[in-house]
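Below is one structure, written out as structure tokens; the observations come after it.
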Amino acid sequence: MDNAPEPTTVFPYSWVIGQETMQRALEISYVSPAVGGVLIRGQRGTAKSTTARAFAQMISGDFPVTLPIGATDDRVLGGWRVEDLLKSETTWQRGLIEEAGAGDGPGMLYIDEVNLLDDHLVNIILDVASTGILLVQRDGADKSIQVRFVIVGTMNPEEGNLRPQLLDRFGLLVEVESAAGEQERYEILRRVLQFEKEDAKSPSGDLAAGLSSDEERKRVLTQARRRLADGELEPSDDILRRAADIAAEFKVEGHRAELVMVRAARALAAIDGDSDVLPEHLAWVAPLALTHRRSPSGNGTMQSWSPADDIIVSRHVAPAEAGPTGAKPAEAG
Amino acid sequence: MASPDTGRAPAAVNPSAERVTTILSCVVVDRRIGGVIFIDLPPGWLIHLASWLCRAIAADPARIVTLGSADSEDDLWWRPAAGSAESAAEGGSRLLHRPCRLAEPPHGPPVAIIPDLARASLPVTQAVVSLSGADTAVVDRHGQHVKWEPRTRWLAACARADLGRLSPHLLDRFPVRIDVADLDAASWSPEEFRAALADDHLMGPSSLGPPPQPAGTPAAGRPFPSMGEACARLVVKAVGAPAAPARRDLALGRLARALAALGGSEEVRQVHVHRAAALVGLAVPDDVVLPQSEPAQDPVPPPDKDHAGDQESPEPSNGGGSRDRVRGPMTTAGEPGRFSALKDVPAPPTSAVTGNYAEDGPEALPEFASLRRPWQWRGKRRAARGLIVGSEATREMADLSIMSTVLEAAKYQRIRHVSAPGRGIVIYGADLRRNRRQGGPDTAIAIVLDHTCRRKWDWTDALTPYLGWAYTQRAAVTMVELGHRDPASDLRADVYRADSVLDRRIAASLSRSPGRASPSPLAYGLDLAIQHLRRQVRYGAASTDQAWLVVVSDGRGNVPLEASLRGQLPGPIGREGIDDALTVAAGALSLSRVRSVVIAPPGLAYYPELPFDLAKALGGIVADLADGEI
């Protein structure tokens, strides 16, 4: 007999306190799967897993496909069902990657404590994420399956960083911190204890309101996703140039950074209900797209985003200067 | 209250036992309080605490899972199980696979214990991080997919000296810490001794007694007590936000709530928060004291100027709540400002009031990335060493895991025997599995510290590059000291081995004082260091791929080797000690993969050539403290 009551509902997404950036990054990744997934990096006890799971629950009504730490290759890639094999029957069992990518749109593969995964599992995921094709050639099976999924991972940097190749696979990186002050900590404590008193069969008004907020948020995100799918919010040449300039100034390798920035800015504009992609959208998503793509510091650690970086970005998103005639360049000649 | 098993009255309960039972009672009420670490728990107690807890939640103590230093991934998550003869006759199989131990649906084991958290294997620590506090968990191994909702209560024991070396990420899963070093402190009376001989449940004079009957718990159909704003703010203050992790707020809040539930209260009051804080060794700030009475509405005094910063906090997003602090004089017996209001639960001993969260302290030195499989640099040869933590596919015949290989092949026997009937077990190359090992140190460092040359010289900077190398390479350390104050013998060196440079003895050695006019048995010290390295390089379980021999000395060893071996000086010695040191040092030349360096104090006035002679004999170099190595 277990004396504690067990809530049968997941913590509402709208009840998460103080992690707006993380929430917005998850939303961007959902609205525009081409952005490529989110890595949530932060100290212990910062609601990383809680937020990711609550988001998945809000969007799909279920926990995401999860890659656990001790997973074996056959469960990641797929394999024969063991009990049937022992009866000389061959029944294929989908692996986690295929399960994540099996839906109509890109699914979510959730990896908690992604920096604790074995290297060989990381390599498998890297290969599939980069090509979009799941190749299974094991145990006598020969399959090639197209899969589309985004990776959402959480990690505590105290336990080591990811290899650069895997870091680059994540479109956005969010650095989360513990609640800044006692007021926020108090709010978090109050909210969690309140949730633990809830009974899913007869939720309180507060919980019902939270769940209703989640439904509304899902509606907004779904509509935003539809707008992008319909071709709305195409970025202007000015936005593309600014994104390229920002990436160049931060000396990031390759061109993935500006692609992610533009896609994420577009998704952000759709979520906010704007009619155009604005430089302000670029400025907001730049830290998420650039932090993990620039060169590490002298001692090999990843440089966190700083106010100096904000100044650099702000130079590139500032309004265009007037030409020598006093007119704006767009109006001149 | 008599023991439920023997009918005997339990022995007198000591304060630590009372705190233990109180905390366990709270964990009964609400498992989400989190894992509990018992600091300096006497050996053998943890299983009894777990059994007590199981009985309190009406679970079978046989289902307690014990996790230790030898558990591999397959031990934790998956096991082969025997099928029935009937199922085999019906075309089934005698060999089945079942989730096990931690992955037992629907909710996992009721209690999991780790008798020594500092020595738990890597799969165990990873399992704790994955499962503790999780709403849902999955295992995907060897064709099995298991999903369950963990409701396991986690108990662990750890020595206080080891806490600072553990991963903070791991420790965060155990937000409740209790010092129980004196759990067994009371002496036995003859009657208690006889009672313990007859009843295994009576560990001693500080036996726990039977689990209490909780009153007003949620199991009785009553909801959890409510916690008002004042108590919630008190919790946050007691934990020490924002520096402390947020999980501790939740643990302390739930602990206070559980205490209120055990007492039959419908509301959490400040006295419950104080009691909860005292249980885990947290000190509520002196300026926050209990109110005059315990009214339904907390009094709202004007804010104190010392806490003006609180008034700058933003309003809560929901617009509710007050930022006022609660103050008032205490009325319960005891001095104002102290938590002597804890009438029901004795205050812990002074040593337990602070320092239970060693990871917060400046002396904490956790191993970097200890929850990851350590990256090991290997030379051309692959050696089978280290604790087995699992198995993995392989194409080589070295270090095979026989059972894993056979089990993998077993899946396909029926199919394979169709084409090859009558043969024994058929194993293909794809079935081969090798042991996955946690790995031991494959690098080593031996440091010879000659304290007689130190005087006012701070050698920390000079040693830092080598200590840093040893840390990043997870090198095994051999420390040899000579010429220090209070040695075991003036004519010999002291030696010890440590698993890593994080060992506290290393820091103590570096800061030890030199003896007054002490002899310098340098030859003996070098001999010890070289012997240890020779064993590690050639014969050790962790066959060393590379090593450093670091000699911190001015080369003026004045004790002949024979004098050290005999334990007495023969008489006037002249240069014999120096020559012996050079002779012994030459033994390092035969050690492959060992590099040597001599670090001499700067500005040597006498015999400045001796460090160079010593380095030459070692086949090494002298560290140039000004410009780097030469």
Please verify whether B:Ser187 is in contact with a His (Cβ under 9 Å, 6 or more places away or on another chain), small (Gly, Ala, Ser) and at pLDDT below 85, treating the condition exactly as stated. no
With respect to the numbered conditions (1) among the hydrophobic types (A, V, I, L, M, F, W, C); (2) farther than 24 Å from B:His169 by Cβ; (3) modelled with pLDDT under 90, which one is the sole condition not fulfilled by A:Phe11? (2)
Restricting region A:42-61 to residues that are hydroxyl-bearing (Ser, Thr, Tyr) and within 10 Å of another protein chain (Cβ to nearest Cβ), the residue that is farthest from B:Ala137 (Cα to Cα): A:Thr46
So A:Ile125, is it within 24 Å of A:Thr50 (Cα to Cα), in contact (Cβ under 8 Å) with a residue 40 or more places away in the chain, touching a Phe, Trp or Tyr at 6+ places or on another chain (Cβ under 8 Å) and not in a strand (DSSP E or B): no
Just to check your reading of the model, which residue among A:Arg242, A:Arg190 is of a type outside the set (A, V, I, L, M, F, W, C) and more than 14 Å from every other protein chain (Cβ to nearest Cβ)? A:Arg242
Given (1) closer than 30 Å to A:Ile312 by Cα; (2) in contact with a strand residue (DSSP E or B) (Cβ under 9 Å, 6 or more places away or on another chain), identify the lone condition not met by A:Lys197. (1)
Could you check A:Ala248 against (1) buried (at least 16 other Cβ atoms within 10 Å of the Cβ); (2) assigned to a helix (DSSP H, G or I); (3) hydrophobic (A, V, I, L, M, F, W, C) and say which number it fails? (1)
Does region A:18-41 contain any residue that is within 7 Å of chain B (Cβ to nearest Cβ), at pLDDT below 90 and either closer than 30 Å to B:Ile57 by Cβ or in a helix (DSSP H, G or I) (or both)? no
Keeping to region A:128-142, report how many residues are assigned to a strand (DSSP E or B) and in contact with a Lys or Arg (Cβ under 6 Å, 6 or more places away or on another chain). 1
Here are B:Val584, B:Val598: which of them is β-branched (Val, Ile, Thr) and either at positive phi or in a strand (DSSP E or B) (or both)? B:Val598
Taking A:Glu113 and the conditions (1) facing chain B (nearest Cβ under 7 Å); (2) on the phi > 0 side of the Ramachandran plot; (3) over 20 Å from the mean Cα position of the chain (by Cα), which numbered condition does it fall short on, given that it satisfies the others? (3)
I'd like to check something: does region A:157-171 contain any residue that is more than 13 Å from every other protein chain (Cβ to nearest Cβ), assigned to a strand (DSSP E or B), within 24 Å of A:Ala264 (Cα to Cα) and in contact (Cβ under 8 Å) with a residue 24 or more places away in the chain? no
Specify the residue that is modelled with the lowest pLDDT; the eligible residues are those in region A:42-89 that are out of contact with any Lys or Arg (no Cβ under 8 Å at 6 or more places or on another chain) and hydroxyl-bearing (Ser, Thr, Tyr). A:Ser60
Without any contact (Cβ under 8 Å) to a residue 40 or more places away in the chain and of a type in the set (Phe, Trp, Tyr): does that describe B:Tyr496? yes
Would you check which residues across region B:602-630 are modelled with pLDDT of 90 or more and assigned to a loop (DSSP other than H, G, I, E, B) and list them? B:Glu609, B:Gly619, B:Gly620
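The values are calculated or read from the model by the stated rules, or taken from the named source; none is laboratory data. Computed from a predicted model, the values in this text were never measured in an experiment. Backbone-built Cβ (ideal geometry, glycine too); neighbour counts: all protein chains shown.
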